[in-house]
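As structure tokens, the structure follows; a few thoughts come after it.
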Amino acid sequence: MLHSATINVMVKAARRAGRSLKRDLGEVENLQVSLKGPANFVTMADKRAEEMLYSDLDKARPGYGFIGEEGGVREGADKSHTWIVDPLDGTTNFLHGIPQFAISIGLQREGTMIAGLIYNPANDDLYLAERGKGAFLNDQRLRVAGRRKLNECVIACGLPHIGRGDHELSRLEMTEIQNQVAGLRRFGAAALDMAFVASGRLDGYWERNLQPWDMAAGQIIVREAGGIVSGIEGDDDPLKTGNVVCGNEFIHAELVKILKPLGKQVSGNQ
Ligand code: 2AM
Ligand code: CA
């Protein structure tokens, strides 16, 4: 599979930072037994991965802007291109030695996502997409699942953390969806949830209160795999509202039909 120079830059950067995260995962597993636990170590691992990604991407594409989970916004001379990067999505999983975490790199040009990469260093799954060129997992072309009946679908969600989001609404949403699907899942890494939708492993996924770097790469990967990605209103931009729902066109519509009214029903949400 031949990729553009930009994709090659992203892959090289992700693989280097991925090696670092994989080494650190080994150390996390040792630290589990210590009284202090691996929390501080994981924060360092996360920051180290982001610095590696910034350094590699900036060297290859000088002047592009960079928005990272750890370092915030770094403006560049080139105002039309921005990297949107999560060096470690699924931090809680990583902290517990659960191999469901990923590096996520999105590239935006003039406000449109033009490339995305999601890489899980624990199992070497590498998801890629470029605008108009399709989506791939380890060089195999991806297509979202074709199921049209919700009661045959496996759907994933996210759960708000302590002190964040609306827990009552989250429980309502889970109850409603659980009543209508073959299986409900919660894996804990938004980027990989979206990658799983792109690869047809999951039929759909929704979550509220995310950050742009959780979804930027996932958005283009799902779309290039033929799926629909929106906010929970059905036509809003997830990178702006922080809420996301995705699946094939039928399942996306079914999920919006259930989730949108619930959001309005519970106070404090639109
Ligand atoms: P993270 O691991 O990079 O923090 C879990 O439901 C998903 O929500 C993860 O992808 C997690 O990304 C993301 N997330 C976004 N904002 C979060 C927050 N404030 N606290 C915990 N997870 C958050
Ligand atoms: Ca994240």
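Before moving on, here are some points about what is shown:
- Restricting region 145-178 to residues that are surrounded by 12 or more Cβ atoms within 10 Å (Cβ to Cβ) and within 16 Å of ligand 2 (Cβ to nearest atom) leaves a set whose member that is nearest to Ser199 (Cα to Cα) is Ala156.
- Candidates Ile220, Ile258, filtered to the one that is closer than 15 Å to Ile177 by Cβ, part of a helix (DSSP H, G or I) and either open to solvent by less than 30 Å² (accessible area, probe 1.4 Å) or not assigned by TED's automatic domain parsing to the domain that holds Ala156 (or both): Ile258
- The residues of region 232-244 that are under 18 Å from Gly116 (Cβ atoms) and either touching a strand residue (DSSP E or B) at 6+ places or on another chain (Cβ under 7 Å) or buried (at least 20 other Cβ atoms within 10 Å of the Cβ) (or both), listed by number, are Pro238, Leu239, Val244.
- Note on region 48-77: residues that are under 18 Å from Met10 (Cα atoms) and either within 14 Å of ligand 2 (Cβ to nearest atom) or open to solvent by 70 Å² or more (accessible area, probe 1.4 Å) (or both) total 10.
- Checked across region 207-214, the condition of being assigned by TED's automatic domain parsing to the domain that holds Gln178, within 16 Å of ligand 1 (Cβ to nearest atom) and open to solvent by less than 10 Å² (accessible area, probe 1.4 Å) holds for no residue.
- Selection within region 223-255 - among the small types (Gly, Ala, Ser) and either under 17 Å from Asp86 (Cβ atoms) or outside any helix (DSSP H, G or I) (or both): Ala225, Gly226, Gly227, Ser230, Gly231, Gly234, Gly242, Gly247
- Residues within region 182-203 that are of a type outside the set (A, V, I, L, M), on the phi < 0 side of the Ramachandran plot and more than 9 Å from ligand 1 (Cβ to nearest atom), tallied: 6
- Matching residues in region 23-39 - criterion: being surrounded by 18 or more Cβ atoms within 10 Å (Cβ to Cβ) and under 16 Å from Ala122 (Cα atoms): Asp24, Leu25, Val28
- Residue check for Val33: in contact with a Pro (Cβ under 6 Å, 6 or more places away or on another chain), β-branched (Val, Ile, Thr) and assigned by TED's automatic domain parsing to the domain that holds Gly134: no
- Residues (buried (at least 22 other Cβ atoms within 10 Å of the Cβ) and part of a loop (DSSP other than H, G, I, E, B)) located in region 182-198: Ala189
The values are calculated or read from the model by the stated rules, or taken from the named source; none is laboratory data. What you are looking at is a predicted structure, and each value in this text was computed from that prediction instead of being measured. When we count neighbours, we look across all protein chains shown, and the Cβ atoms used for this are built from the backbone with ideal geometry, even at glycine. Ligands, DNA and RNA are excluded from the accessible area calculation, which covers all protein heavy atoms including side chains. Shrake-Rupley method; radii C 1.70, N 1.55, O 1.52, S 1.80 Å.
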